[in-house]
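**Student:** What follows is a structure written as structure tokens; I'll ask about it next.
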Amino acid sequence: MENTKKITYEEARTRLSEIVNILESGNEKLEDSIKLWQEGSELAKFCETFLKKAEDQMSALENAEK
């Protein structure tokens, strides 16, 4: 998903939650489920990277205050 760079963390998290709910329902065709899984994986990576950067920024701020 190339457009993950254009969305916010909150939007990515919301979409990821939607994908999880869709996949858990079991109502999608296999091909659609695979596409959703791929999108979800990319969103999860985007969220993980975002949170890691935020954590690093917080650590840097804490260290600067010492």
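**Student:** Being of a type in the set (Lys, Arg) and modelled with pLDDT under 95 is the filter here, so list the residues in segment 12-66 that pass it.
**Tutor:** Scanning segment 12-66 gives a single hit, Lys66.
**Student:** Still on this structure, please answer the following. When you check Thr8 against the structure, is it exposed (fewer than 10 other Cβ atoms within 10 Å of the Cβ) and of a type in the set (Val, Ile, Thr), yes or no?
**Tutor:** yes
**Student:** In the list Ser41, Ser59, Ser33, which residue meets the criterion of being assigned to a helix (DSSP H, G or I), over 11 Å from the mean Cα position of the chain (by Cα), of a type in the set (S, T, N, Q) and surrounded by 13 or more Cβ atoms within 10 Å (Cβ to Cβ)?
**Tutor:** Within the list Ser41, Ser59, Ser33, the selection yields Ser33.
**Student:** May I pose another question? Among the residues of segment 21-66 satisfying the criterion of being out of contact with any Leu (no Cβ under 9 Å at 6 or more places or on another chain) and of a type in the set (A, V, I, L, M), which is nearest to Glu11 (Cα to Cα)?
**Tutor:** Once the filter is applied, the top-ranked residue is Leu51.
The values are calculated or read from the model by the stated rules, or taken from the named source; none is laboratory data. Owing to the predicted nature of the structure, the values given are computational and were not obtained by experimental measurement. All Cβ positions, glycine included, derive from the backbone under ideal geometry; neighbour counts span all protein chains shown.
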